[in-house]
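Participant: Questions regarding the structure given below will be posed in turn.
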């Protein structure tokens, strides 16, 4: 068992479903993949949830425990007090660099939507900073939560450090 997730695995019976949130490009995909591997839960990506709270609700209602990668749920996470919530923090400069490496018009439109979800027009801070500030305000109201720092994932066997030439959302050498 990966020690970083011990607080989660210890309480997995009480809070079986896990939602992984954080800013896009912060490492939510690899974090969810590692958590699913460590717990034996099914892995549900944000695409499978159709980027929607309704999609998250549908997966949580299934009888099998799941790890849901849903960075878009940060502003709405209070609606899931019965789940374990994991926030992935990554240095804001690294998040911005990752976006630049995977540049696409989608990021600009996407960021506008996220800023709206957080009810902010704060353009002096990155979305990583805004989502982390929101997390700090919300997490104490959750029954079970954990903050993971992206750099701490590097010691897990599923983490691949050199991803030069990889596609967007790729988390392993195959695929």
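Please treat every number below as a calculation from the coordinates, not as lab data. Keep in mind the model is a prediction, meaning the values are calculated, not measured. So basically every Cβ, Gly included, is an ideal-geometry build from the backbone, and we count neighbours across all protein chains shown.
Participant: When ranked by the protection proxy of mean other Cβ atoms within 10 Å per residue, highest first, what sequence do the peptides 42-50, 16-24 form?
Facilitator: Numbers: 42-50: 17.3, 16-24: 25.6.
Averaged packing, sorted descending, gives the order 16-24, 42-50.
Participant: Restricting things to Cα coordinates, could you compute the convex hull volume per residue of the range 19-153 in Å³?
Facilitator: Values: hull volume 14.5 nm³, N = 135.
Normalising the Cα hull of the range 19-153 by residue number yields 108 Å³.
Participant: Once label points are set 7 Å from the Cα along Cα→Cβ at both residue 164 and residue 96, what is their separation, rounded to one decimal in nm?
Facilitator: 2.4 nm
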